[in-house]
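Below is one structure, written out as structure tokens; comments come after it.
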Amino acid sequence: MQKPAPSQKSTIVGKIALVVCVLLVPLIIANVTIIVKSYVRPDEVPGFLGFKPFIVLSDSMLPVISSGDLVVTKEVDPGQLVEGDVIAFREGNSVVTHRIVRIAEESGARRFTTKGDNNNANDPVLVRAEMVEGKYVLNIPGLGNAALFMQTPAGAIVFIALPLSLF
């Protein structure tokens, strides 16, 4: 006895599921890598293949970057940075994403003066090369807010439990 041919509708659903899996698997691998790195080395900002994501919490870089955006930076040699580059750097327990407005050389060490595009004054702290986390590559508007929401109990239900139950 022959099996009945699959319907066109089930074939389309299967193709959509395959595409979703192909897109989600690399994203899941990157997220798991970042999560594991954050636990293994809690004093470092985790990344994946030299890229580091950051959630923007202020409007200091308007109109280019807004609060709630997800910013992606690429690790770079601080010696390659030039005035006008937007960088992410550690300042205490947080990471700031601002533009380099001046570069100074002190005893062979580079120091960066930075400023938010939407700020009236330069940042009070000179950024040393070891503070630089990366150079701005892109931002994804609003994705930072979604990432923050995913860390709440309601977000876990919406982004984890609901898709798993649908699967």
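The values are calculated or read from the model by the stated rules, or taken from the named source; none is laboratory data. Everything numeric in this text was worked out from a predicted model, so none of it was measured. Backbone-built Cβ (ideal geometry, glycine too); neighbour counts: all protein chains shown. Just the protein is used for accessible areas: all its heavy atoms, side chains included, with ligands, DNA and RNA removed. Shrake-Rupley method; radii C 1.70, N 1.55, O 1.52, S 1.80 Å.
Taking the conditions (1) over 20 Å from the mean Cα position of the chain (by Cα); (2) free of Cβ contacts under 8 Å to residues at least 12 places away in the same chain in turn, Ala109 satisfies each one other than (2). Taking the range 42-150 and the strands (runs of 3 or more DSSP E) fully enclosed by it, the elements with 3 or more residues that are closer than 25 Å to Ala30 by Cα are at 51-55, 70-74, 86-91, 94-106, 132-140. Pairs linking a residue in the range 66-77 that is within 7 Å of Pro53 (Cα to Cα) to a residue that is polar (S, T, N, Q) and open to solvent by less than 60 Å² (accessible area, probe 1.4 Å), with Cβ atoms under 8 Å and 6 or more positions apart or on different chains, are Leu70/Asn139; Val71/Thr97; Val71/Asn139; Val72/Asn139; Thr73/Thr97.
This table checks each residue for (1) more than 28 Å from Glu106 (Cα to Cα); (2) over 13 Å from the mean Cα position of the chain (by Cα); (3) open to solvent by 30 Å² or more (accessible area, probe 1.4 Å).
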position: Asp43; (1), (2), (3): no, yes, yes
position: Leu49; (1), (2), (3): yes, no, yes
position: Leu57; (1), (2), (3): yes, no, yes
position: Asp69; (1), (2), (3): yes, no, no
position: Lys74; (1), (2), (3): no, no, yes
position: Pro78; (1), (2), (3): no, yes, no
position: Glu83; (1), (2), (3): no, yes, yes
position: Val86; (1), (2), (3): no, yes, no
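Within this structure, Thr113 passes the test of being of a type in the set (Ser, Thr, Tyr), farther than 18 Å from Asp59 by Cβ and surrounded by 16 or more Cβ atoms within 10 Å (Cβ to Cβ).
Looking only at the range 117-167, count how many residues are among the small types (Gly, Ala, Ser), in contact (Cβ under 8 Å) with a residue 60 or more places away in the chain and exposed (fewer than 14 other Cβ atoms within 10 Å of the Cβ). Final tally of qualifying residues: 1. Please work out if Glu75 is acidic (Asp, Glu) and closer than 25 Å to Pro42 by Cβ. Here the answer is yes, as Glu75 does meet what is asked.
Among the residues of the range 43-66, the one identified as under 19 Å from Arg99 (Cβ atoms) and of a type in the set (Phe, Trp, Tyr) is Phe54.
Taking residues in the range 46-60 that are farther than 13 Å from Asn145 by Cα, and partners anywhere that are outside any strand (DSSP E or B) and of a type in the set (D, E, K, R), the pairs with Cβ atoms closer than 8 Å and at least 6 places apart or on different chains are Pro46/Lys37; Gly47/Lys37; Gly47/Glu75; Gly50/Glu75; Phe51/Glu75; Lys52/Glu75; Ser60/Asp117.
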